[in-house]
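First up is the structure itself, then whatever we jot down about it.
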């Protein structure tokens with residue numbers, strides 16, 4: 001069964017810290033992987049998409065890496081800010097146009 | 001910047017009633033999706049729609065559910081006879097075709113409460 005797992009489920013850090021969120025997937029034959037941010041009671045905001053042929057993508061203070069062979073991706077957030085507090089979701093896609101399979105998310109809290 | 005919109009933002013209905021959730025995908029997108037998220041649980045795929053037909057559906061998407069693209073801009077999800085367990089946040093998503101257009105863009109969601 002194709003499953004996505006995110007560790008940790010929750011993370012609390014002081015402002016300014018660099019942090020890493022982890023995502024693992026059971027079937028490594030992914031087409032691409034997408035990281036999202038979800039604020040409480042809100043929709044999903046796409047942060048980064050990594051194609052299966054790529055090893056990393058960067059956007060501002062965010063860097064996502066992909067190790068397809070080991071079934072893992074990490075989202076690195078540099079110099080965290082209170083405004084980064086949200087739930088971060090990882091999702092994988094196995095074919096073009098196909099469904100996204102989501103992890104349960106990591107709830108991040110950045111304390112001032 | 002183009003975005004996916006959804007209406008209503010919150011729908012309250014009685015068990016057994018029909019509801020229609022509406023979405024306006026990003027114009028020129030060709031793939032459309034519905035997902036749902038029960039409170040405290042993972043986001044789950046319901047159905048994908050391309051070229052005016054369902055391309056994939058999950059086990060959740062049974063005969064009580066249907067989707068339609070009634071015109072060139074709207075994409076709807078209908079639940080014929082709602083159950084308590086249909087209470088969830090429903091998200092619509094859309095994406096373009098091919099190349100770098102693999103990213104799915106999500107709407108803000110409709111919170112459905114079934115009483």
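In this structure, is residue B:10 more than 9 Å from chain A (Cβ to nearest Cβ) and closer than 26 Å to residue A:54 by Cα? Give the steps one after another, and end with the answer.
Working: more than 9 Å from chain A (Cβ to nearest Cβ): yes; closer than 26 Å to residue A:54 by Cα: no.
Judged against the criteria, residue B:10 is not a match.
Identify, please: which residue in segment B:21-40 is more than 18 Å from residue B:94 (Cβ to Cβ) and exposed (fewer than 12 other Cβ atoms within 10 Å of the Cβ) and is, among those, modelled with the lowest pLDDT?
In the first step, residues of segment B:21-40 are kept if they are more than 18 Å from residue B:94 (Cβ to Cβ); the result is B:38-40.
Filter once more, keeping what is exposed (fewer than 12 other Cβ atoms within 10 Å of the Cβ): B:39-40.
Working: B:39: 92, B:40: 89.
Here the answer is B:40.
Against the definition (under 13 Å from the mean Cα position of the chain (by Cα) and exposed (fewer than 15 other Cβ atoms within 10 Å of the Cβ)), how does residue A:20 come out, yes or no?
Working: under 13 Å from the mean Cα position of the chain (by Cα): yes; exposed (fewer than 15 other Cβ atoms within 10 Å of the Cβ): yes.
Yes: the conditions hold for residue A:20.
How many of the residues making up segment B:81-96 are under 14 Å from residue B:14 (Cβ atoms) and surrounded by 14 or more Cβ atoms within 10 Å (Cβ to Cβ)? Walk me through it before giving the result.
Taking segment B:81-96 and keeping what is under 14 Å from residue B:14 (Cβ atoms), we get B:81-84, B:86-87.
The next check asks that each one be surrounded by 14 or more Cβ atoms within 10 Å (Cβ to Cβ); those that pass are B:82, B:86-87.
Total meeting the criteria: 3.
Does segment A:58-79 hold any residues that are buried (at least 17 other Cβ atoms within 10 Å of the Cβ) and modelled with pLDDT under 95, and which are they?
Residue satisfying the conditions is A:68 alone.
Of all residues in segment A:49-80, which are without any contact (Cβ under 8 Å) to a residue 60 or more places away in the chain and on the phi > 0 side of the Ramachandran plot? Lay out the reasoning, then the answer.
Start the filter on segment A:49-80 by keeping residues that are without any contact (Cβ under 8 Å) to a residue 60 or more places away in the chain, which leaves A:49-77.
Within segment A:49-80, A:60, A:71 meet the criteria.
Which ones in segment B:19-30 are under 12 Å from the mean Cα position of the chain (by Cα) and over 16 Å from residue B:113 (Cα atoms)?
If the condition is that a residue be under 12 Å from the mean Cα position of the chain (by Cα) and over 16 Å from residue B:113 (Cα atoms), then B:23, B:24, B:25 are the ones that fit.
Kindly check whether there is at least one residue in segment A:26-48 that is crowded, with 17+ Cβ neighbours inside 10 Å, farther than 16 Å from residue B:43 by Cβ and without any contact (Cβ under 8 Å) to a residue 40 or more places away in the chain.
yes
Hey, could you check segment A:80-112 for residues that are surrounded by fewer than 16 Cβ atoms within 10 Å (Cβ to Cβ) and farther than 22 Å from residue A:29 by Cα and say which is nearest to the other protein chains (Cβ to nearest Cβ)? Lay out the reasoning, then the answer.
In the first step, residues of segment A:80-112 are kept if they are surrounded by fewer than 16 Cβ atoms within 10 Å (Cβ to Cβ); the result is A:81-83, A:95-96, A:109, A:111-112.
Those still in the list that are farther than 22 Å from residue A:29 by Cα too: A:81-83, A:109, A:111-112.
Numbers: A:81: 22, A:82: 22, A:83: 19, A:109: 17, A:111: 23, A:112: 27 Å.
Checked segment A:80-112; the qualifying residue nearest to the other protein chains (Cβ to nearest Cβ) is A:109.
The values are calculated or read from the model by the stated rules, or taken from the named source; none is laboratory data. All figures in this text were calculated on a predicted structure; none of them were measured in a lab. Heads up, the Cβs are rebuilt from the backbone with ideal geometry, glycines too, and the neighbour counts pull from every protein chain shown.
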